[in-house]
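The values are calculated or read from the model by the stated rules, or taken from the named source; none is laboratory data. The structure displayed is predicted, hence computed values, not measured ones. Here the Cβ positions follow ideal geometry from the backbone for every residue, glycine too, while neighbour counts run over all protein chains shown.
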Amino acid sequence: MQPPLTWGDRRPVEPPPSEWELPSPLHADVNGLVGVGADLEPGTLLAAYRSGLFPMPVGRRRLGWFSPDPRGIIPLDRLRISRSLRQSARRYGVRVDTAFRDVMEACGRPERPQGWITPAFVDAYARLHELGWAHSIEVVDDSGTLVGGLYGVRIGALFAGESMFHDRRDASKVALMALVDLMRATGMSLLDIQWTTPHLVSLGAVDVPRREYLERLASAVR
């Protein structure tokens, strides 16, 4: 039987503040784009997540900051776990923060549809991970081989999920199930998934208006 997962006992280290003044998430266009520019320094990333923004590339060289309306979240009490998923979970082991860069690089494989995770993003979030803010959930098989996982940013009671992958059936779902269990066990309240997809909706994801998300966010990061 696997021991309970934990976030570890290391306190996150606050980086130097960002040199950029990020725009309000309420100023987004119809695609959720708030602005272009700034950088991926730890202080900038944390300021963005705390205000309701997240970064993604825009084109080949520009860095965009997004605040979609509606915003996708997964209520922690609404994750749908099928009997087959519970059976799949018994075939895997789950770990936390043992292979952060490996998970990010797997999520960013060029052959994946709509791949956007560039080496610059991997390096930036790896720095955030070293400071204790970014985390990964890893799913491994009986041999210890990484077969699925997810990563994101944890601030207070918020987990901002960024991406997940699987190389074996249900491995990413097992990672999500483990994340929700860990969040509930540690008193967290907000699982942000940015945009919903039919796959995530089938697992319990819902859309909420931007203003409602920002209210939930303010409570979570306080």
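Quick rundown of the values:
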| item | result |
| --- | --- |
| Test for Ser143: is it farther than 21 Å from Arg71 by Cα and of a type outside the set (A, V, I, L, M, F, W, C) | yes |
| Conditions (1) within 18 Å of the chain's Cα centre (by Cα); (2) surrounded by 12 or more Cβ atoms within 10 Å (Cβ to Cβ); (3) assigned to a loop (DSSP other than H, G, I, E, B); (4) at pLDDT below 95; number of the one not met by Arg109 | (2) |
| Residue within the range 145-155 that is in contact with an Asp or Glu (Cβ under 8 Å, 6 or more places away or on another chain) and in a loop (DSSP other than H, G, I, E, B) present | no |
| Extreme residue, surrounded by the fewest Cβ atoms within 10 Å (Cβ to Cβ), among residues of the range 47-92 that are assigned to a strand (DSSP E or B), more than 16 Å from the chain's Cα centre (by Cα) and among the hydrophobic types (A, V, I, L, M, F, W, C) | Val58 |
| Evaluation of Ala185 against (1) surrounded by 22 or more Cβ atoms within 10 Å (Cβ to Cβ); (2) touching a residue at least 60 places away in the same chain (Cβ under 8 Å); (3) over 13 Å from the mean Cα position of the chain (by Cα) (one fails), failing number | (1) |
| Of all residues in the range 124-153 being over 25 Å from Pro12 (Cα atoms) and among the hydrophobic types (A, V, I, L, M, F, W, C), the one that is surrounded by the most Cβ atoms within 10 Å (Cβ to Cβ) | Val147 |
| Subset of the range 156-175 that is in a strand (DSSP E or B) and touching an Asp or Glu at 6+ places or on another chain (Cβ under 9 Å) - its residue that is farthest from Met56 (Cα to Cα) | Leu158 |
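This table checks each residue for (1) more than 15 Å from Trp7 (Cα to Cα); (2) touching a Ser or Thr at 6+ places or on another chain (Cβ under 8 Å); (3) of a type in the set (Lys, Arg).
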| site | (1), (2), (3) |
| --- | --- |
| Gly144 | yes, no, no |
| Val153 | no, no, no |
| Ser163 | yes, no, no |
| Asp170 | yes, yes, no |
| Lys173 | yes, yes, yes |
| Leu179 | no, no, no |
| Arg184 | no, no, yes |
